[in-house]
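Working notes, beginning with the structure itself.
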Amino acid sequence: LNLSYNAIGNPGAVQLANMLKDDQGLVHLNLAFNDFTEVGAESIAQAMQLNCSVKELSLAGNKIGNQGVLHIANALQVNATIESIDLEDTDLKAQSLVALCTVLKCNGVVHRLNVNRPLLTSVNDETTVHIAHMLKVNRGLQELHLSKHAIRDYGAERLWENLQHNQTLRVLDLSCNRIGRDGAAWLAKLLRGNSSISTLNLMANRIEDDGAEDIAEALSIYNTNLTKLHVGSNTLTSRGLCALANCLHHNTTLTHIYVWGNTFDHDACKAFAALLSSISPRIQPHNIDVKPYIVDGIT
């Protein structure tokens, strides 16, 4: 049932919650951007404690705030069927994010969690530490979205430290954070250990050429699991871009790479053109977000 982008508000959310208490056939429920607050979220959370059919729940874009997400976290302690939950842009704060992490240390049912764009005031990666500790013991999550968490190099190091013990996470979205070259080095170390991660999104960070070279070196020799890499808008220049392109001549498992938003010169363009121009291109044109072309004999 997709009711996204309507205006059901709190009254509509309460009515839906009453229906969910008795309904045992609904599997997918999308309530994104419906203008309800913690009042509506509380009713839905109470219904989820009784409902045994809903597997995918999206509350994205509803300003349910810290208290609303706390209600959802409490429901996840009881509910044993929800596999995917989307809480992006719900104005959750550190308290509710920590509560979710605490619940997910024991919950092995949730496979996908989106907590993009929380309202965090700390600059010391405290919430990232809680997330990392959760990932060390969680055995259910396969996809985790942490965009716009202001994660820095220290947070990236904590993720490396704890994800070494995790063999279930497949998709890690760290886009739009503040990870620099040192943080990228820690993530490269994670890849060097052949982590289970198959998709890594680092778009709109600050990894620069040094970070790109560390990741390229990990992919060239050690990693056989990563299939998708996003490094667009990371202040990369020719050195970092060429390192990434050249590593793909040695790596045989990466099939998608996204690099738009960096600074391409002639050498970088030639390096990526070489991946695309052969009879059997190393990267298929639809699996990359740049396309080289020749003007006056120059790529």
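The values are calculated or read from the model by the stated rules, or taken from the named source; none is laboratory data. From a predicted model like this one, the values you see are computed outputs, not experimental measurements. No Cβ is skipped: glycine too gets one built from the backbone with ideal geometry, and neighbour counts run over all protein chains shown. The area values use the complete protein model at the heavy-atom level, side chains included, leaving out ligands, DNA and RNA. Shrake-Rupley method; radii C 1.70, N 1.55, O 1.52, S 1.80 Å.
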Relative to the chain, whose Cα atoms define the longest principal axis, helix 153-163 and its Cα axis are tilted in degrees, nearest 10, by 80
Using only alpha carbon positions, build the gyration tensor of the chain, then give the equivalent ellipsoid semi-axes as the square roots of 5 times its eigenvalues, largest first, whole angstrom. 39, 20, 17
I'd like to compare 231-244, 269-282: which one has the highest average count of other Cβ atoms within 10 Å, and what's the full order after that? 231-244, 269-282
About the Cα centre, charge dipole magnitude for the chain (Lys/Arg +1, Asp/Glu -1 at Cβ), debye: 440
Of all DSSP beta bridges in the chain, what percent run antiparallel (nearest 5)? 5
Quick check for me: using +1 on Lys/Arg Cβ and -1 on Asp/Glu Cβ, what's the dipole size of the range 157-233 about its Cα centre, in debye to the nearest 20? 300
What is the sum of charges, Lys and Arg at +1 and Asp and Glu at -1, for the other residues whose Cβ falls under 11 Å from the Cβ of residue 116? -2
When the charge dipole of the chain is computed with +1 at the Cβ of Lys and Arg and -1 at the Cβ of Asp and Glu, the Cα pointing farthest to the positive end, of 138, 54, 113, is that of 138
Lysine pair count for the chain [Cα-Cα under 16 Å; pairs on different chains or 8 or more apart]: 5
Quick one: helix 65-76 against the long Cα principal axis of the chain, what's the angle to the nearest 10°, folded into 0 to 90? 80
What distance in nm lies between label points placed 7 Å from Cα along the C-beta direction at residue 28 and residue 15? 2.4
Between the helical axis of 9-22 and the dominant principal axis of the chain, each derived from Cα atoms, what acute angle in degrees is found, rounded to the nearest 10? 80
Over the chain, relative contact order from alpha-carbon pairs under 8 Å, at least 6 apart, %: 9
Taking the range 70-142, which GluC sites (Glu not before Pro) meet the DSSP loop condition and have no more than 14 other C-beta atoms within 10 Å? none
Ignoring everything except DSSP H segments at least 4 long, calculate the 222 nm mean residue ellipticity for the chain; use -39,500 (n - 2.57) per segment, divide by total residues, nearest 500. -12000 deg cm²/dmol
Given N residues in the range 69-181, what is Rg(Cα) / (2.2 N^0.38 Å)? 0.97
Share of carbon and sulfur in the accessible heavy-atom surface of the range 1-147 [1.4 Å probe, %]: 51
Measuring with a 1.4 Å probe in the full set of protein chains, what accessible area per residue, in whole Å², belongs to the range 1-95? 43
Answer in debye to the nearest 20: the dipole magnitude of the range 1-139 about its Cα centre, from +1 Lys/Arg and -1 Asp/Glu charges placed on Cβ, is 360
